[in-house]
Amino acid sequence: MKKSLKKEIEELRNEIHYHNHRYHVLNHPEIPDYKFDELLYKLKHLENLFPHLITNNSPTKSVGGITLLNIKKINHIIPMLSLNNVFNEKDLFLKFLNPIKNLLNKTKNYFCCELKFDGIATSLLYNNGQLIQASTRGNGIIGENITNNILYINDIPHKLQGNNFPSILEVRGEIFMKKVNLNILNQNNIFNKQFANTRSAVLSFLRLKNINNNINYNLLNFFSYGIGFIQSKKKISSHIKILKQLKNYGLPISKHTTICTSLKEISFFYEKIKRERNNFLYNIDGIVIKIDNIKIQKILGCTSHAPKWAIAYKFPPQEKITILKNIIFQIGRTGVITPVGKFKTIKIDGVNISNASLYNINEIKKLNLKIGDVIVVQRCGDVIPKIINIIKKERKNNITTNIIFPKICPDCKSILKIKNYNKKTLYCPSDLNCKSQLKGYLKHFISRNAMNINYIGNQLINKLVDINLVKNPIDLFNLNINTLNKIPHLGNKSILKILNAIEISKKTTFTRFLYSLGISEVGLVTANNLNKHFQNLSNFLNADLKDFYSISGIGKKIAYNLYKFINDKKKLYIINKLVNEIGINWNNNIIISNFFYKKKIVLTGKLISINRLKVIEKLINLGAMIYNHISKNIDIIIVGKNPGSKIFKAKKLNIIIINEQQLLELINKN
Ligand code: IVH
């Protein structure tokens, strides 16, 4: 009897590990979340009854399969070294190949050539195939524990695939961010700041103290490029075989890794990657060349800083010279005026660039910039170009002209002011009366992480503001068929979709609402901290400067922005209208682990024992989203008496079907 129970628990664990892998690694779950929850619940139940059968790697001891350790710093079992760099073929030969020539074969050598990913070096520790810890490189000896922060990165498996893995395996690789994801992050101002490159954005993610559900951790990716500590009887003789093995375990490796057998082949690979680097979805800053034979690697060994069997062959810094043609002053959603340098188009690694942000007027003063100057432009972190210098000796005084800082707003013509705290940031004080600011603010307000109003794009916002249909966020909610009919090329179907989306958006979360208010420098993370601290709107609106300042992660400047915001009568008027008249509402206590959380639901047919509107309200409070039409994106259809044709479509699309009885049971369970 005991034996079969043990077996049952073991099988249950394996099943959960399997689904964890499908969900977190392959991003391709086989079963709906509630089925998974049921399995986990069953296991928890059995383990509660028979605690002596609990094992260390049980998924019940972990979040998503990872046993959580609460340690801030981690001593690396084997130091995580850096790499020596070269920038040209000559140095590659002189500094890497020549010193180790005695160990190289006269005719043919195997060099494993990889991409040099521009991210954060990471160590993942697997115990019997179960991920137990993740850390950054830190100073190479001691790293930071980032186990909690990497839980939601889909590329990182929580459980290794197969069963032939070493009892302990330390996987090393790079956590990085795709270029598009940097844009998403910056556009949504998720961290209250703009990141100049993907690397610094990754670091911010990995340093987050409070992991919260509002942040999409799938903005990060991972490639493995080697191993650290390993406890295994089987020794693998070559680096590329190790990478292949890691791939079999379910870890992502780059498909660009290539074996080269000579300096000529290495150079060919380098040039090819250099040419193509801008087509990659992520940033790379060179290639890494590794001696493939592990025995030779061991003989060569390492210095205190870097291995002698590997080298980074980096791409030259991406800088070019051009001529500054003009400076324009752009106005952002918070009224801040940003100077943008317009220059003669240059091509940096295949990308045409003709303008770069100059951040603020001080930057112009610092560079002593004049129109007509010969300037040096750098593609910083491959994404945002920057004017880093001027070539003074090339300045021709007869053709250069001084830059005149604006005194009035380029849009609403109000007199510009300068921010007190730094004396270098110009801003337009007209707030939402300035159409540029209003457009910027509304685009933020409707965005995915804010009120998430679908079907209203940036173009529509521009039109709505231009023809004075919308003067503030309240007006958005007062749009109707008649007013939207005034917008050219907007069909009836689109209008209905927009109105429906506006209606759906009224049910939100306190975090989203706070974030949507567009308070200067309050991104999603701060909004979430505010939510946690104040719990409700009235506490928030009655806070004192000191209260804001006492919240961890909120410094003087943000505290002041918040205080100023809640003491601004116009803002209070808007908040009051949105909440009390428009009916924007939220329920802070959504039980995230409930069956309906984040599910997209359609109802069809008549419900007998419960009021339809009550059901909808309850489901929304549980975090569900209610839709009218069946599509492949819908998760559940709730079927009452005499259902319509929706049920046939739902069956075809394999959508979960729930009847009234089941609905009541599930609602009551939650
Ligand atoms: S091997 C002991 N391979 O480059 C060997 N590193 O500049 C150490 N990096 O800290 C690393 N891509 O973060 C290796 N294919 C690759 C890499 C790579 C990026 C990073 C890694 C390391 C840094 C050294």
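The values are calculated or read from the model by the stated rules, or taken from the named source; none is laboratory data. None of these values were measured; they are calculated from a predicted model. Cβ: placed from backbone, ideal geometry, glycine included. Neighbour counts: every protein chain shown.
The single condition among (1) in contact with a Pro (Cβ under 8 Å, 6 or more places away or on another chain); (2) within 30 Å of Pro473 (Cα to Cα) that Ala356 does not satisfy is (2). Annotation: Asn468 fulfils all but one of (1) more than 33 Å from the chain's Cα centre (by Cα); (2) buried (at least 16 other Cβ atoms within 10 Å of the Cβ); the unmet one is (2).
Sort out which residues of the range 112-131 are away from the ligand (no atom under 16 Å from the Cβ) and crowded, with 21+ Cβ neighbours inside 10 Å, and write them in order of number. Selection gives Leu125, Tyr126, Gly129, Gln130, Leu131.
Give the residues of the range 595-619 that are in a loop (DSSP other than H, G, I, E, B), over 30 Å from the mean Cα position of the chain (by Cα) and either among the charged types (D, E, K, R) or surrounded by 13 or more Cβ atoms within 10 Å (Cβ to Cβ) (or both), sorted by residue number.
Of all residues in the range 595-619, those in a loop (DSSP other than H, G, I, E, B) come to 595-599, 605, 607-611.
In the following step, the residues that additionally are over 30 Å from the mean Cα position of the chain (by Cα) were identified as 605, 607-611.
The answer is Gly605, Leu607, Ile610.
Among the residues of the range 281-303, how many are closer than 22 Å to Thr261 by Cα and touching a residue at least 24 places away in the same chain (Cβ under 8 Å)? Can you show your working first?
As a first pass, look at the range 281-303 and keep what is closer than 22 Å to Thr261 by Cα: 286-301.
Checking the rest, the ones that are also touching a residue at least 24 places away in the same chain (Cβ under 8 Å) come to 286-297, 299-300.
The qualifying residues number 14.
Return the residues of the range 241-253 that are surrounded by fewer than 18 Cβ atoms within 10 Å (Cβ to Cβ) and under 20 Å from Asp155 (Cβ atoms); say none if nothing qualifies. Step through it out loud before you land on a result.
Here is the first cut: in the range 241-253, the ones surrounded by fewer than 18 Cβ atoms within 10 Å (Cβ to Cβ) are 241, 244, 247-248, 252.
Selection gives Lys244, Lys247, Asn248, Pro252.
If you check Lys233 against the conditions, is it in a loop (DSSP other than H, G, I, E, B), farther than 23 Å from Ile554 by Cβ and not β-branched (Val, Ile, Thr)? If you could, list the steps in order and put the result at the bottom.
On the way: in a loop (DSSP other than H, G, I, E, B): yes; farther than 23 Å from Ile554 by Cβ: yes; not β-branched (Val, Ile, Thr): yes.
So Lys233 fits the description; yes.
Considering the range 315-335, and only residues there that are β-branched (Val, Ile, Thr) and surrounded by fewer than 17 Cβ atoms within 10 Å (Cβ to Cβ), the residue that is farthest from Asn88 (Cα to Cα) turns out to be Ile328. Of everything listed in (1) within 12 Å of the ligand (Cβ to nearest atom); (2) within 20 Å of Val86 (Cβ to Cβ), the single unmet condition for Ser262 is (1).
For the range 377-425, the set of residues classified as surrounded by 16 or more Cβ atoms within 10 Å (Cβ to Cβ) and under 29 Å from Ile284 (Cβ atoms) consists of Val377, Gln378, Arg379, Cys380, Gly381, Asp382, Val383, Ile384, Pro385, Lys386, Ile387, Asn389, listed by residue number. In a residue-by-residue description of the range 312-330, the property of being in a loop (DSSP other than H, G, I, E, B) and at pLDDT 95 or above applies to no position.
Could you tell me whether any residue of the range 638-648 is in contact with a helix residue (DSSP H, G or I) (Cβ under 7 Å, 6 or more places away or on another chain), within 30 Å of Leu40 (Cβ to Cβ) and modelled with pLDDT of 90 or more? Steps first, answer last, please.
Taking the range 638-648 as the starting set, the residues that turn out to be in contact with a helix residue (DSSP H, G or I) (Cβ under 7 Å, 6 or more places away or on another chain) are 638-640.
From the residues that got through so far, the ones that are within 30 Å of Leu40 (Cβ to Cβ) too are 638-639.
When the remaining residues are screened for being modelled with pLDDT of 90 or more, the result is 638-639.
The answer is yes; a qualifying residue exists.
Of the residues Asn109, Asn154, the single one that is assigned to a loop (DSSP other than H, G, I, E, B), farther than 30 Å from Glu15 by Cα, touching a residue at least 60 places away in the same chain (Cβ under 8 Å) and more than 11 Å from the ligand (Cβ to nearest atom) is Asn109.
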